[in-house]
Amino acid sequence: APPPCLQAALLYTTTSGERRIRVLTLELPVTSALNSIFDSADVDACVSLTARLAAEATLSASPLTGAEKLQNACLEALRAYRSLCPPHAKTTAALLLPENLRLLPLYTLAAMKAALYASPAEARADERAALIATIANASATEATVLAHPRLFQAYPPLEKGPNGLPAPLPLSAQSVQTNVAYLLDDGAQLSLWFGRDVPSEMLQAAFGWPSLQGVDLATLRLLPPNTSPVAAEIHALVDAARVGRPAGWTPLRVLVQGTSDTPFVRALIEDQTKQMMSYPEFLLHCHRYILSKA
């Protein structure tokens, strides 16, 4: 069969007033082997597509409906993959995951815990509308970061890779210590979070304040990089995290443990919440569902 093609045409006017049509054509591969679909699957594209469909579902139903839509899409994809595995592979008690989609359960659970699907008491209507607009306009890679933020240790500094960033930490409370500062990148903004036991010397070197108690965090700014090695280190980490953001400059906010740090706590998606499972529990739930459909 001939390969299918997607075509889009753009009618525009040049700066000289000339009317033109630009036609873009994309040829897509076709296969009759379902295994090939999983072998070539793109996890970022899967997350982006399911996130858009789930966000759209919240417009005509409850927020929880969107979260259920995300979960069902993940469960059915993993069930379909197991049905294609050879008999000897199905004898194992482990959860079978395609290589390219091994992070799909993690990203799905992260997306389910977004503020968009929280109860009305936890997220305002304007916040939901902003999230729907952001998801609808995000690229595939941006959608993944929106669902699954990146968490880095900011102080004390760790060894950095070629991209100027340390290795990201698991999004769990077990990764967080009260005497450490962390940088959270959720795709929309950066959050510099300080534990309640961070040394006053570090705060003095970064902000010029020995304590952040009573300080208006909304107006708090880092000292210039040439002020101290600590300020220079944090500036370098923030700049490295901002690299590759096509949406433009990413704002930075300061959060303190126990003081309006709900966005940081919500980003710890591997932990259990009032409405959602922890990551190990979600993996077990996926495995039980797939075995029940075998």
ask   = How do the peptides 226-232, 50-56 rank, highest first, by the average count of neighbouring beta carbon atoms within 10 Å per residue?
value = 50-56, 226-232
ask   = Efficiency by 1/(1 + (r/R0)^6): what FRET value for Leu28 and Leu59, r their Cβ-Cβ distance, R0 = 30 Å, to the nearest 0.05?
value = 0.55
note = With Rg from the Cα atoms and Rh as the Kirkwood inverse mean 1/r over Cα pairs, the stretch 1-152 has an Rg/Rh of 1.07
ask   = Using 0.36 nm per residue, how much length does the chain from Leu95 to Val215 gain when fully extended, once their Cα-Cα distance is taken away?
value = 38.3 nm
request  = Starting at the first residue of the stretch 186-192, write each ³J(HN,Hα) from the Karplus equation 6.51 cos²θ - 1.76 cosθ + 1.60 with θ = phi - 60°, in whole Hz, x for Gly and Pro.
outcome  = 9, x, 9, 7, 9, 10, 9
request  = Find the accessible area per residue for the chain; the probe is 1.4 Å, ligands and nucleic acids are left out, and the unit is Å².
outcome  = 56
request  = Could you order Arg82, Arg288 by accessible surface area, starting with the largest, using a probe radius of 1.4 Å?
outcome  = Arg288, Arg82
query = Using a 1.4 Å probe, how large is the accessible area of Tyr12, given in Å² and rounded to the nearest 10?
reply = 60
inquiry  = Under 5 Å between amide hydrogens, which residues at least 5 positions from Val254 or on another chain qualify, with H placed 1.01 Å from N in the peptide plane?
reply    = Leu192
key: Value of relative contact order over the stretch 200-242, rounded to a whole percent, pairs C-alpha under 8 Å and six or more apart   = 33
query = Any idea what angle helix 43-57 forms with the longest principal axis of the chain, computed on alpha-carbon atoms, 0 to 90 degrees, nearest 10?
reply = 90
request  = Return one number: the angle in degrees, 0 to 90 and rounded to the nearest 10, between the long axis of the Cα atoms of helix 125-137 and the longest principal axis of the Cα atoms of the chain.
outcome  = 60
key: Where chymotrypsin sites (Phe, Trp or Tyr not before Pro) fall in DSSP loop in the stretch 193-260, at most 15 other Cβ within 10 Å   = Trp249
key: Rg/Rh ratio calculated on Cα atoms of the chain (Kirkwood radius)   = 1.03
request  = With θ set to phi - 60°, apply the Karplus curve 6.51 cos²θ - 1.76 cosθ + 1.60 along the stretch 151-166 and write out the HN-Hα couplings as whole Hz, x wherever there is a Gly or Pro.
outcome  = 10, 10, 7, 9, 8, x, x, 10, 5, 9, x, x, 7, x, 10, x
remark   = The distance between the Cα centres of the stretch 155-217 and the stretch 223-276, in whole Å, is 7
key: Accessible carbon and sulfur surface of the chain relative to its total accessible area, %, 1.4 Å   = 58
ask   = Over the stretch 37-118, what relative contact order in percent results from Cα pairs under 8 Å that are six or more residues apart?
value = 46
request  = Convert each backbone phi in the stretch 97-102 into a coupling constant with the Karplus relation 6.51 cos²θ - 1.76 cosθ + 1.60 (shift: θ = phi - 60°), then list the ³J(HN,Hα) values in order as whole Hz, x for Gly and Pro.
outcome  = 10, x, 4, 6, 10, 5
ask   = If the cut-off is 30 Å between C-alpha atoms, which lysines fall inside it for Lys274, apart from same-chain ones fewer than 8 positions away?
value = Lys69, Lys113, Lys293
query = Going by average Cβ neighbours within 10 Å, how do the peptides 145-151, 34-40 rank, with the highest at the top?
reply = 145-151, 34-40
key: the stretch 94-183: relative contact order as a whole-number percent, Cα under 8 Å and 6+ apart   = 24
DSSP-loop trypsin sites (Lys or Arg not before Pro) across the stretch 3-42, with at most 12 other Cβ within 10 angstrom = none
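The values are calculated or read from the model by the stated rules, or taken from the named source; none is laboratory data. Since the model is a prediction, treat every value here as computed from it, not as a measurement. Note that each Cβ is placed from the backbone with ideal geometry, even for glycine, and that neighbours are counted across all protein chains shown. Note: areas computed on protein heavy atoms with side chains; ligands, DNA, RNA excluded. Shrake-Rupley method; radii C 1.70, N 1.55, O 1.52, S 1.80 Å.
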